[in-house]
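For reference, the structure is listed below as structure tokens.
The values are calculated or read from the model by the stated rules, or taken from the named source; none is laboratory data. All of these numbers come straight from a predicted model, not from anything done at the bench. When we count neighbours, we look across all protein chains shown, and the Cβ atoms used for this are built from the backbone with ideal geometry, even at glycine. When the accessible area is computed, the model is the full protein with side chains, heavy atoms only, and any ligands, DNA or RNA have been set aside. Shrake-Rupley method; radii C 1.70, N 1.55, O 1.52, S 1.80 Å.
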Amino acid sequence: MLFFDRGLLSMGNILFLSGVTTTIGPRRTYKFFKRNGKGTAAFMSGVALVFVGWPFFGMLVEGYGFLVLFSCVVFLLRRNF
């Protein structure tokens, strides 16, 4: 039941975004999310759905956005291993 808890997912989203910003810096974070509009829109829509109170659908949309945003990383990992 805690897997789709709205409060925990919201905190996780905030911590993920702040962790990316802390790791690579605000300017690079902005460039990263600006570069891929489709993935950013899906990911942020999922975050908004979680904040509104629809955690299941928010996780689905976030997952899609995450895959689109980080597809280049997945491709590089798959190619090297």
Cβ pairs under 7 Å, 6+ apart or interchain, first in region 15-30 and over 19 Å from Phe51 (Cα atoms), second among the hydrophobic types (A, V, I, L, M, F, W, C) and at pLDDT below 95, ordered by first then second residue, are Thr29/Val20
Turns out the helices (runs of 4 or more DSSP H) fully within region 34-81 with at least 1 residues that are of a type in the set (Val, Ile, Thr), open to solvent by 90 Å² or more (accessible area, probe 1.4 Å) and closer than 20 Å to Met11 by Cβ are 37-52
